[in-house]
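*Asks:* Attaching a single structure in structure tokens format; questions to follow.
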Amino acid sequence: MQTNVHDDALYIGLDLGTTTCKAAIYDSELRCVGIAAEEYSLLTDDRGYIEQDPEEWWQVSCKTVRAALHKASDTLYSSAETNSADEFYLAETARRVQAVSVSSQSISVLPLDENMRPLANAISWLDGRGGGEVPTITSHFTIEDIYRRTGKVLRGGVYVLTKLLWWRTNEPLIWSRTRKIAFPLDYLNLRMCGHLATDHTIAGGTMFHNLAARDWDYEILEKLEISADILPELQDSGTFVGEVSFAAAREMGLAYDPDVYAKQPVSLMMGGQDQKVAAYGAGIRAESITLSMGTSAASEMLIDVDAPSIIDTHLFASMGSLPARFCWLFPGKQVMETSIGTAGAALRWYRDNCASHLNYKQIDALALEVPIAPRTVFLPLLSGNAGTSACFTGLTLNSDVGAMARAVMEGVVFEMKLKLETFPGQDEASTLRLFGGGGKSPLWSQIMADILEKTIEVSEDSELALLGAAQLAAGRPYDWSGTGIKISTYRPDSDNTRLYRQKYAYYKDLRNLLKM
């Protein structure tokens, strides 16, 4: 069981993203005292397949935890005599770690044999090879039925279900030897404590997790002839998974002596999918929305589990542009999610190709000098949007670097507004909590406030998936009110909002006009 909280307790948040792994050490007040990051690779080939090596998941996780422990040791014992005593203080830092929890990418999936060893590389969530299996699914279930059951719109090879069907069709030998499947979160859980278990937010990316039951959808599995025996155990986030083994703890830099470690082993607490854990770290609440804005952007909003009629009405109103629905980290709530593929990536694309001599602060300054131009518009559809492509419109001889940069920022927010309007009840959410790289731009944050017509709260701490994981490890939410972390607030400007309402209507008309 989890060790009782002590003043000297430390907690680890581990975040396994798509190509970057991060780890952070937090003290008993959930203040970060050490953080590290390490990039790792996607494996691609000329067939368009995108895979990852699960051993690299484990090795990069161990490496970042060790690096974060070193930084935490330096922070915690910086006033002490170091040099020859470095190893002593590092061991003392490791001894203080009470628990760890993982935030991870989802939808990537890995086949395991009877010894819980990988049979192949993991198919990445970015890999759409299972798109050809959609007719197999629709021969048993309508798209509407799948959405009602799982909260997911069936399209292409996005979700785990299509990847499993692809394995069965195209790799029968691997499929015949598969005894379990694992997602990134539960594979790390397995390596740490020997127990294969996942949470409901990760399970939600399978398209065979039932929202109403908060369990696997056994009818979908039965109809598609997939045995439930291959699935990980389901647990609520923040619950005890097991004790980190001495062997795993040693690889992670958490243990040196087996006898000492046996007296106080590190607890592994169930984590969750990275966007949901980040929303938890951001302090998501019923009356607010969170927006994670990095290379892509994802927004989350909590809803009650007993409000399906609102969702159902919305379902038949605009099929195909619906928010995904997931069970929340904890029972009693669900969460809606919508995303756009190119957010920060759109501004980076513009900078790299049109303003490579400038940094982001300089681009911000130039864009700030430009007034809102009613007809200068950028569609940020640079990837993954069948039928519509990115473009600038309304450019003139006066359209300079700043004007185009501002149009890019506005276009990203217009596209997110379009997606947020698929959230039933989003008008009642007066506040949006923003984190990630986009929040580092005061201008972009103000544009969001003006276009979305919501108060934007930006935390100076952008690593909220790590904080959320540490909260789950510690077994308590973060107290935003008394921590001293700076929150910058941006409120809608009424004059700008009036102009942006007109420009948003034009943006939607233009977007529809350019569909092919």
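The values are calculated or read from the model by the stated rules, or taken from the named source; none is laboratory data. Keep in mind the model is a prediction, meaning the values are calculated, not measured. Here Cβ is always computed from backbone atoms with ideal geometry, including for glycine, and neighbour counts include all displayed protein chains.
*Asks:* Take ALA449 and tell me if it is farther than 25 Å from ARG351 by Cβ, at pLDDT 95 or above and either in the same structural domain as MET301 (by TED's automatic domain parsing) or among the acidic types (Asp, Glu) (or both).
*Replies:* When the stated conditions are applied, ALA449 does not pass them.
*Asks:* Can you find a residue in the range 224-234 that is at pLDDT 95 or above, on the phi > 0 side of the Ramachandran plot and among the charged types (D, E, K, R)?
*Replies:* Yes, the conditions are met somewhere in the range 224-234.
*Asks:* Can you work out which of the residues in the range 237-246 that are among the β-branched types (Val, Ile, Thr) and assigned to a loop (DSSP other than H, G, I, E, B) is surrounded by the most Cβ atoms within 10 Å (Cβ to Cβ)?
*Replies:* VAL244
*Asks:* Which condition breaks for LEU467 when tested against (1) in a helix (DSSP H, G or I); (2) within 22 Å of GLY13 (Cα to Cα); (3) touching a Leu at 6+ places or on another chain (Cβ under 6 Å)?
*Replies:* Condition not satisfied by LEU467: (3).
*Asks:* Here are some residues: SER78, SER139, SER124, SER104. Which one is assigned by TED's automatic domain parsing to the domain that holds PRO258 and in contact with a helix residue (DSSP H, G or I) (Cβ under 7 Å, 6 or more places away or on another chain)?
*Replies:* Exactly one residue qualifies, and that residue is SER104.
*Asks:* Do we have any residue at all in the range 44-63 that's in a strand (DSSP E or B) and either without any contact (Cβ under 8 Å) to a residue 40 or more places away in the chain or among the charged types (D, E, K, R) (or both)?
*Replies:* yes
Conditions tested, residue by residue: (1) at pLDDT below 85; (2) crowded, with 18+ Cβ neighbours inside 10 Å; (3) closer than 27 Å to ARG351 by Cα; (4) in contact with a helix residue (DSSP H, G or I) (Cβ under 7 Å, 6 or more places away or on another chain).
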{"residue": "ALA407", "(1), (2), (3), (4)": "no, yes, yes, no"}
{"residue": "GLU410", "(1), (2), (3), (4)": "no, yes, yes, yes"}
{"residue": "GLU460", "(1), (2), (3), (4)": "yes, no, yes, no"}
{"residue": "GLN471", "(1), (2), (3), (4)": "no, yes, no, yes"}
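*Asks:* Kindly evaluate SER356 against the criterion of being among the hydroxyl-bearing types (Ser, Thr, Tyr) and buried (at least 19 other Cβ atoms within 10 Å of the Cβ).
*Replies:* no
*Asks:* Taking the options ARG191, ARG168, ARG179, name whichever one is more than 21 Å from the chain's Cα centre (by Cα) and either buried (at least 22 other Cβ atoms within 10 Å of the Cβ) or not assigned by TED's automatic domain parsing to the domain that holds THR239 (or both).
*Replies:* Selected residue: ARG191, the only one of ARG191, ARG168, ARG179 that is more than 21 Å from the chain's Cα centre (by Cα) and either buried (at least 22 other Cβ atoms within 10 Å of the Cβ) or not assigned by TED's automatic domain parsing to the domain that holds THR239 (or both).
Let's see how each residue does on (1) out of contact with any helix residue (DSSP H, G or I) (no Cβ under 8 Å at 6 or more places or on another chain); (2) more than 16 Å from LEU14 (Cα to Cα); (3) assigned to a loop (DSSP other than H, G, I, E, B); (4) of a type in the set (D, E, K, R):
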position	(1), (2), (3), (4)
LYS163	no, yes, no, yes
TRP175	no, yes, no, no
ILE181	no, yes, no, no
ASP186	no, no, no, yes
ASN189	yes, no, no, no
HIS195	no, yes, yes, no
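*Asks:* Let me ask you something else. Consider only pairs whose beta carbons are under 7 Å apart and that are at least six residues apart or on different chains; among these, list those whose first residue lies in the range 490-507 and is over 9 Å from ILE451 (Cα atoms) and whose second residue is at pLDDT 95 or above and charged (D, E, K, R).
*Replies:* Within 7 Å, the pairs are ASP493/ASP450.
*Asks:* With LEU161, LEU110 as the choices, which residue is at pLDDT 95 or above, closer than 30 Å to GLY253 by Cβ and not assigned by TED's automatic domain parsing to the domain that holds VAL305?
*Replies:* Answer to the selection: LEU110.
*Asks:* Which one is farthest from PRO442 (Cα to Cα) among residues in the range 342-384 that are among the charged types (D, E, K, R) and without any contact (Cβ under 8 Å) to a residue 60 or more places away in the chain?
*Replies:* Checking each candidate, the answer is ASP352.
*Asks:* Criterion first (surrounded by 15 or more Cβ atoms within 10 Å (Cβ to Cβ), of a type in the set (Val, Ile, Thr) and modelled with pLDDT under 90) does THR342 satisfy it?
*Replies:* Considered against the rule, which asks whether it is surrounded by 15 or more Cβ atoms within 10 Å (Cβ to Cβ), of a type in the set (Val, Ile, Thr) and modelled with pLDDT under 90, THR342 comes out as yes.
*Asks:* Being assigned by TED's automatic domain parsing to the domain that holds VAL244, farther than 23 Å from ARG177 by Cα, in a strand (DSSP E or B) and acidic (Asp, Glu), is that true of even one residue in the range 34-41?
*Replies:* yes
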